[in-house]
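The values are calculated or read from the model by the stated rules, or taken from the named source; none is laboratory data. Because the structure is predicted, anything quoted here is derived from the model rather than measured. Counting neighbours? That spans all protein chains shown, and the Cβs are built from the backbone with ideal geometry, glycine included. The area values use the complete protein model at the heavy-atom level, side chains included, leaving out ligands, DNA and RNA. Shrake-Rupley method; radii C 1.70, N 1.55, O 1.52, S 1.80 Å.
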Amino acid sequence: MTSREPAFTPDEFTLALADPASRRVFGAVVLGSSTPSAILAATGLDAPVAAKAIGRLTRAGLLVPGGNGRLAVDETAVARAAESAGRRREEEAAAEQPDARLRGFVRGRALLRLPEETAPEAREAVLRHVAAAAFAPSDEEYDERAVTERLEPWCQAGAADAVSLRRALVDLGVLHREAGRYRLTTAR
């Protein structure tokens, strides 16, 4: 851990490793090369190029002196960057899909994947969401072709085909089918 403990973001991590020589040096240190001679041997870089990369990585806070001229990866800086990336990913997912029950399953009007039958609450939430967005909440009825056409845009991501999705909606009771006509059911 360094004494300054910078707020290391994923962007800063990426920028610090943007240079190919810096990536090679960082990789060598990660894999155990801790002295300048070991880093030179592992990377195959010229000494001036390696020295510049070591300087950049040290100033960025990714490498820290470990005593006796050795270098080490600042695991705390890497962990902070990973934590920051995780938080950012969660924030982006929440902004993209405010309903936590639908995250990872629905993006906009696309079905990314259908929850397994072993997760009935999640499966029902996703199927009800798709049905509510695809069909009018009234007693409007649809023929089989109209149902399939309304479900096809949801299937563009390849998670399911419209016929399978229609069958899942009927099996769950989200769509009621009678005499070749379909209508949206009310939520339980």
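If only the Cβ of Lys and Arg carry +1 and only the Cβ of Asp and Glu carry -1, the dipole of the stretch 1-126 around its Cα centre is close to 420 debye. Put a plus charge on the Cβ of each Lys and Arg, a minus charge on the Cβ of each Asp and Glu, and nothing anywhere else: the dipole of the stretch 57-188 about its Cα centre is then about 420 debye.
Protection proxy ranking of 124-132, 80-88, by the mean of other Cβ atoms within 10 Å over each peptide's residues and highest first, is 124-132, 80-88. Ordering A95, V64, A41 by Cα displacement along the dipole of the stretch 1-147 toward the positive end leaves A41 in first place; charges were set at the Cβ atoms of Lys, Arg (+1) and Asp, Glu (-1).
Residues whose amide H falls under 5 Å from that of T35, counting only those 5 or more places apart or on a different chain, are L71, with hydrogens built in the peptide plane. For D74, the amide hydrogen comes within under 5 Å of the amide hydrogens of L63, V64, counting only partners 5 or more places away or on other chains and with H modelled in the peptide plane.
Equivalent ellipsoid of the stretch 19-163: semi-axes from √(5λ) of the C-alpha gyration tensor, largest first, are 55, 16, 12 Å.
Using C-alpha pairs under 8 Å with a sequence gap of at least 6, the mean separation divided by the residue count of the stretch 76-188 gives a relative contact order of 23 percent.
State the dimensionless ratio Rg/Rh of the stretch 72-139 (Rg: radius of gyration of Cα atoms; Rh: Kirkwood radius). Here Rg/Rh amounts to 1.21.
Rolling a 1.4 Å probe over the protein heavy atoms of the chain, with every protein chain left in place, gives an accessible area that is 52 percent carbon and sulfur.
Between the listed residues A160, A82, I54, the Cα displaced farthest toward the positive end of the dipole of the chain, a dipole computed from Cβ unit charges relative to the Cα centre, is found at I54. In the context of the full set of protein chains, residues of the stretch 1-82 present 55 Å² of accessible surface per residue (probe radius 1.4 Å, heavy atoms only).
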